[in-house]
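Have a look at the structure that comes next, please.
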Amino acid sequence: MTDSVLFEELNTACGRVIGRATLNTPRSLNALSLEMIQLLDARVADWQGRDEVVAIWLEGAGGRALSAGGDVVALHGAAVKHAGHERNPFAEQYFAEEYRLDYRLHTSVTPVICWADGVVMGGGMGLMQGSQFRLVTPRSRLAMPEITIGLFPDVGASWFLNRLPGHTGLFLGLTGVHLNARDALDLGLADRFLDADPEDVLKALLENHYDGDRQADRARLHHQLRDLSISPTGLPAAISDHRDTIESLCDGASVNEVVARILGHKQCDGWLDKARKTLAAGCPQTMHLVWEQLHRARHLSLAEALRMEWCLAVQCCLHPDFREGVRALLIDKDGSPRFRHRSVDEVSADYIDGFFRCPADAHPLADLG
């Protein structure tokens, strides 16, 4: 038996159950391996099928992260192995199973409560955004940082970034900027702010009396979490404070124009300067993918967006920039990726169009939705 995900069934005062799943690889900040995805998907499916399970609680072990993202080291190894090939079986399986898990969470009738403490990035954001109750803390740090490794904001980001106000989703995807709990609440990426021990929160939820009526039981969870939540007083409101600037910088007719506007905006503002520097060092291929994924997914359902993202993710693993980005960040750790294109202006539309082509005869997520 593996312990990469810990499962526990907690009895409520009325004899019903809250299922608890703990991602348990704290040394990697609970990065999601394929095994972890498979274990979590199977157990969540089991809990969803049982009437006595009134909620599913999702958290990360170690006190530092819910999850820092997907297992990009394993994906890098598969990308190196299949370099020059037309297919990458591991990448195809990994992303299909990860996105299927994300979809299961989004569509769960059994409420999912996500304790989004610490680092929540990439694949961790997929789990969090699929949950019905997204709880943030003073330590929460959210981001979609794929601009640094030649990937793109996936796990349903084409869908949830498009639902943020104005051009905020585009800005987050291009700059990989970190959000605190207040930012997440202001954007609608989180539901409640709690400065409490998760054990105490769970204890309070377990003391509720649930009667098996899904709507009524969900209301009980809602009211309990509302009563436990507080205002994130004292946390900076970076997104709200910079909202007008973000809208101005991202108001362009093309990604080339938007990138130029952000890179040209040099002010004595630490938060914006950090976002600009991340973009400047980022992958030009990803800049185009972020722009295109958001535009193409604007009117797509979640299932359609995930099918599109699967094609993009698998294609990224067949192209050199993802291999190079992960090498520079996590393998050799030299911090100097040599991406295929030197600037956003060197990337052609035909090159980007190729990422949206399905490499498989049959799409593995065709049954979603």
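Every read-out reported here was derived from the displayed coordinates using simple, explicitly stated rules and does not represent laboratory data. Predicted model only: the values in this text are computed from it and were never measured. Please note: Cβ atoms are built from the backbone with ideal geometry, for glycine as well, and neighbour counts cover all protein chains shown.
Suppose a student asked you for the relative contact order of the chain, using Cα pairs under 8 Å spaced at least 6 residues apart; what percent would you report?
18 percent.
Do you know the relative contact order of segment 17-59, to the nearest whole percent, from alpha carbon pairs under 8 angstrom that are 6+ apart?
Relative contact order comes out at 70 percent.
Quick one: net charge of Asp251's neighbours, Cβ under 13 Å, K/R +1, D/E -1?
Result for the local shell: -1.
Quote the charge dipole size of segment 11-164 about the Cα centre in Debye, to the nearest 20; the model charges only the Cβ of Lys and Arg (+1) and of Asp and Glu (-1).
400 debye
Let me spell out the model: positive unit charges on the Cβ of Lys and Arg, negative unit charges on the Cβ of Asp and Glu, origin at the Cα centre of segment 1-56. What dipole size does that give, in debye rounded to 20?
In debye, rounded to 20, segment 1-56 gives about 160.
Could you calculate the FRET efficiency of Val80 with Thr107 from 1/(1 + (r/R0)^6), where r is the beta carbon distance between them and R0 is 30 Å, rounded to 0.05?
Computed FRET efficiency for Val80 and Thr107 comes out at 0.30.
Where Lys and Arg each count +1 and Asp and Glu each count -1, what net charge lies around Gly19 among other residues with Cβ under 9 Å from its Cβ?
Here the count lands on 0.
Please return the longest stretch of the chain lacking exposed loop sites, where GluC sites (Glu not before Pro) count only if DSSP places them in a loop and at most 12 other Cβ atoms lie within 10 Å.
208-369
Counting helices only, and only those DSSP H runs with n ≥ 4, report the 222 nm mean residue ellipticity of the chain as the sum of -39,500 (n - 2.57) divided by its residues, in deg cm²/dmol to the nearest 500.
-13000 deg cm²/dmol
A further question on this structure: Looking at segment 1-95, send over the antiparallel percent of its DSSP beta bridges, to the nearest 5.
The antiparallel fraction comes to roughly 45 percent.
Quickly work out the Glu247-to-Ala42 label distance, labels modelled 7 Å from Cα along the C-beta direction, and quote it in nm with one decimal.
5.0 nm
Follow-up. Which FRET efficiency, nearest 0.05, do Asp350 and Gln93 yield, Cβ-Cβ r, R0 41 Å?
Here the calculated transfer efficiency is 0.90.
How large is ³J(HN,Hα), in whole Hz, for each residue of segment 180-193 in order, when computed from phi with the Karplus curve 6.51 cos²θ - 1.76 cosθ + 1.60 and θ = phi - 60°, using x for Gly and Pro?
Each residue's phi maps through the Karplus curve to give 8, 4, 5, 4, 4, 5, 4, 8, x, 8, 9, 10, 9, 10 Hz.
In whole percent, what relative contact order does segment 84-210 give with Cα contacts below 8 Å and a gap of six or more residues?
Contact order relative to length: 23 percent.
Please report the net charge: other residues with Cβ closer than 10 Å to the Cβ of Pro359, K and R +1, D and E -1.
With Lys, Arg at +1 and Asp, Glu at -1, the net is -1.
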